[in-house]
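Structure record follows, encoded as structure tokens.
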Amino acid sequence: MKKLLCTALLLASCLTVSFGQCDKELKLSTSKTEYLDGSGTVTKTVEENSIIEIGKSEIVIRPGNADHKMNGRIQSATCTWNTPYKEGKSVIKALFTDPSGDQKNATMTIEGKEGKVTFLMEIAELPERKIRVSVDSFEEKKI
């Protein structure tokens, strides 16, 4: 009985940490962008400082070129982080609308393995192109 209670408490604390990540507003900073083809092969690498801001309902991506800002409306988000910002995964689905009104469906995966965190963006309408960045820092935004 004692083992069962301890296991239940451990599971509950892990779930709290996992779901706790999804309700945070985050600012991710990056310094290198990799462009990949449909099979995941890197086709181009650009050294640039970019910012990704993730809110409760919106995601804003500011690549190195400050004139080009991408805004997306978050449609769903799932999180499973064993160690916040180090080991785990978040998957965000969002709808991006460009200034001309074109809409793109994107899936963004933030994944931590062995302390290294990456952000991968896949756009449904452009399956032959993916964008990946290594996250240099996480900052929880104050609401």
Residue, surrounded by the fewest Cβ atoms within 10 Å (Cβ to Cβ), within region 84-95, restricted to residues that are part of a strand (DSSP E or B) and in contact (Cβ under 8 Å) with a residue 40 or more places away in the chain: GLY88
Region 122-143 residues that are touching a residue at least 40 places away in the same chain (Cβ under 8 Å) and among the small types (Gly, Ala, Ser), paired with ones that are in a strand (DSSP E or B) and surrounded by 13 or more Cβ atoms within 10 Å (Cβ to Cβ) (beta carbon under 7 Å, 6 or more apart): SER134/THR30; SER134/LYS32; SER134/THR118; SER137/SER29
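Coordinate-derived values only; no laboratory data. Note that the coordinates shown come from a computational prediction; the quantities given were computed from them, not determined experimentally. Every residue, glycine among them, receives a Cβ derived from its backbone with ideal geometry; neighbour counts consider all protein chains shown.
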